[in-house]
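Let me begin by presenting the structure, written as structure tokens, before commenting on it.
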Amino acid sequence: MSRTHEIVLTIPKQAWMTSNDRRHWADTYRRRRTIRAMAGWWAKHLHLTAAPPVTVTAEIRYPTDRRADPANAEPTVKPILDGLTDAGVWPDDDSTHIRAVTYIRGPKTGLPGKYQVALTIREEE
């Protein structure tokens with residue numbers, strides 16, 4: 001029987017990144033570092049571990065109901081996965097450990113200036 005794990009991270013607008021951003025490399029680096037550290041901290045705090053291989057569903061929650069493309073949140077989701085790797089949730093985030101990452105839209109957060117990424121991690125049998 002496969003196990004499922006869930007983690008929800010709230011990301012402030014000041015750290016949020018999308019594929020459409022055109023930022024200075026230093027700003028992108030700072031944002032990635034912040035998100036990665038936050039994800040690693042939460043994973044350690046929750047004692048989160050998963051037995052690879054896994055599939056990950058990233059439910060992207062926006063502050064409003066405006067049109068959006070959830071796959072554009074990949075620049076925010078990738079440092080989250082890196083932070084989970086740093087925390088020891090899985091040994092590496094390569095394709096042998098994480099088979100797929102799927103992006104879906106979730107309900108609005110209702111929190112002005114706050115985005116959420118709800119990860120559902122499913123261990124494969």
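Key figures for this structure:
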item	result
Selection within the range 43-56 - out of contact with any helix residue (DSSP H, G or I) (no Cβ under 8 Å at 6 or more places or on another chain) and either of a type in the set (Val, Ile, Thr) or surrounded by 18 or more Cβ atoms within 10 Å (Cβ to Cβ) (or both)	49, 50, 54, 55
Filtered residue count, the range 75-92, keeping only those that are farther than 19 Å from residue 14 by Cα and open to solvent by 40 Å² or more (accessible area, probe 1.4 Å)	4
Criterion: open to solvent by 10 Å² or more (accessible area, probe 1.4 Å) and part of a loop (DSSP other than H, G, I, E, B) - qualifying residue of 20, 72	20
Hits in the range 101-123 (condition: assigned to a strand (DSSP E or B), of a type outside the set (Ser, Thr, Tyr) and open to solvent by 40 Å² or more (accessible area, probe 1.4 Å))	101, 104, 105, 114, 122
Subset of the range 57-69 that is free of Cβ contacts under 8 Å to residues at least 60 places away in the same chain and in a strand (DSSP E or B) - its residue that is most open to solvent (accessible area, probe 1.4 Å)	61
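Table: residues versus (1) touching a residue at least 24 places away in the same chain (Cβ under 8 Å); (2) touching a helix residue (DSSP H, G or I) at 6+ places or on another chain (Cβ under 8 Å).
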{"site": "82", "(1), (2)": "yes, yes"}
{"site": "93", "(1), (2)": "no, yes"}
{"site": "97", "(1), (2)": "yes, no"}
{"site": "101", "(1), (2)": "yes, yes"}
{"site": "105", "(1), (2)": "yes, yes"}
{"site": "117", "(1), (2)": "yes, yes"}
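The values are calculated or read from the model by the stated rules, or taken from the named source; none is laboratory data. All values reported here derive from a predicted model rather than from experimental measurement. Virtual Cβ from ideal backbone geometry, glycine too; neighbours counted across all protein chains shown. Side chains are part of the model used for accessible areas, which takes the heavy atoms of the whole protein and leaves out ligands, DNA and RNA. Shrake-Rupley method; radii C 1.70, N 1.55, O 1.52, S 1.80 Å.
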